[in-house]
1. Could you count how many residues in segment 74-95 are over 16 Å from the mean Cα position of the chain (by Cα) and buried (at least 18 other Cβ atoms within 10 Å of the Cβ)?
2. Test PHE66 against the stated conditions and say whether it is under 32 Å from the mean Cα position of the chain (by Cα), modelled with pLDDT under 85, assigned by TED's automatic domain parsing to the domain that holds ARG200 and not in a helix (DSSP H, G or I).
3. Please enumerate the residues belonging to segment 43-62 that are among the hydrophobic types (A, V, I, L, M, F, W, C) and in contact with a Phe, Trp or Tyr (Cβ under 7 Å, 6 or more places away or on another chain).
4. Might you let me know whether segment 379-399 holds any residue that is surrounded by fewer than 15 Cβ atoms within 10 Å (Cβ to Cβ) and farther than 23 Å from GLU196 by Cα?
5. Quick one: which residue in GLU85, GLU134 is under 18 Å from TRP59 (Cβ atoms), in contact (Cβ under 8 Å) with a residue 24 or more places away in the chain, of a type in the set (D, E, K, R) and in the same structural domain as THR49 (by TED's automatic domain parsing)?
6. Test of understanding: among VAL315, VAL373, which residue is buried (at least 22 other Cβ atoms within 10 Å of the Cβ), under 20 Å from GLY276 (Cβ atoms) and of a type in the set (A, V, I, L, M, F, W, C)?
7. Restricted to segment 100-153, and to residues that are surrounded by fewer than 17 Cβ atoms within 10 Å (Cβ to Cβ), assigned to a helix (DSSP H, G or I) and in contact with a Ser or Thr (Cβ under 6 Å, 6 or more places away or on another chain), which residue is modelled with the lowest pLDDT?
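The values are calculated or read from the model by the stated rules, or taken from the named source; none is laboratory data. What you see is a predicted model; the values in this text were computed from it and never measured. Virtual Cβ from ideal backbone geometry, glycine too; neighbours counted across all protein chains shown.
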Amino acid sequence: MKNRFSKLVIYVLTAVSFLLLNSCAEIQLKAISSPPPTAKLRVYVLPITGPFPFRSGTWGTPHKEFVAKNIRGVERFLEQTSIYEVVPARDVEEVLGGQDFTYREMEKNGWILARQIGKALYAEYVLIIERSLEPDKMGRADFYFTITMINTSTSKRFETRARMDTFDTSSSEKMTEIIKKVYRTVFLSAKNDMFETAIRKSENIHTPYKELAAATAPKPPVAAPPPEIKTQAPPPVPEKPVTSPETKRIAAAPKPDPAKPVDTASVKPSHEDISGMDRLVIYDIEAPEQYKTVALILTEVLREELFLLNRFILVNRENLLDVLREMALQQSGLIDEKQAIKAGKGLAANQVVTGSLGILGKTYLLNTKRIDVETFATLGIASTRFSKGEEEDALSRLPGLAKSLVGMR
């Protein structure tokens, strides 16, 4: 009897395992070659349409059109930040082969499917954009727009949701603004995770650079030390300001500001009277090539902190990029102060903020400067340093650094 029962248990377990394997086998992900190394965070953008809640009627915009429109818009917006690169459609087609998945399928078992697809696409993050309708008590429906960002390695998830009315959905400009606000909320909640991921990725792509330099050096084994010393890294000219007399006036690295965790992206300064406010341009913080993304995340967080101080009207980054293109300049590798100020004048700005991130061994040094556009005078200087492994501490110092930069502490 016992033998018969044991055989039955084994049979049931085998059958269940077989069914599970078959259900997993239904999802087929093809392998693709890894993309060229880059410091940018690679993101897989996945628009999803939720089920239509009523028996009659359909979505005004067909799903395929919704997907195409959102991928184009989000791709344009994300790439404009220079922090991300969006997984190209050809890679998605090659990996998925036209397979389509629902939001529920993606979120099962801790978003395991989303993470698997993201990893197959060599993406650090999966950005899911879902449109959904939820019926209300009056028999109508509320339209919701949800952005969920998932770290494919750690499974950390960051999500925000926006409710939209008919006016919002009928205006492409209004929709774009809403998407930007929703993204901003996600970015602020994920900033620590993204910062750590960017640093980790920068360190990983740093090694191949050194190996390549060693391989091409004239002396095989003896030539290995020079690349290690990284003599060609004087691109981080940032270290010089540290020894200059000007930076001696800087107080010690500002202590973290325990107030407001900045995750409150929805809490905006009131801007009751903006007539007396100065227009401020914030340039991307300079850094060695492999740390560009790290510096850009620092720039975005600093921008948010300066915005929350309610002391300036910040010039949009998009407008700054337009002016730089007209002047045949680029954000990366600008920062000649005269050119920065000239571009600031072109944007009718009163002040500009420049900065640099230097890496010395295991220490990062962030220097920032605020300059008057008309007089070229330095209005404020602030700096902070942090060690590798202390990324969260670095971002927590930025509120204090922003206040020091504008003379509030």
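1. 3
2. no
3. Correct list: VAL43, ILE48, PHE52, TRP59.
4. Checked segment 379-399: no residue is surrounded by fewer than 15 Cβ atoms within 10 Å (Cβ to Cβ) and farther than 23 Å from GLU196 by Cα.
5. So the residue among GLU85, GLU134 that is under 18 Å from TRP59 (Cβ atoms), in contact (Cβ under 8 Å) with a residue 24 or more places away in the chain, of a type in the set (D, E, K, R) and in the same structural domain as THR49 (by TED's automatic domain parsing) is GLU134.
6. VAL373
7. If we take residues in segment 100-153 being surrounded by fewer than 17 Cβ atoms within 10 Å (Cβ to Cβ), assigned to a helix (DSSP H, G or I) and in contact with a Ser or Thr (Cβ under 6 Å, 6 or more places away or on another chain), then GLY110 is modelled with the lowest pLDDT.
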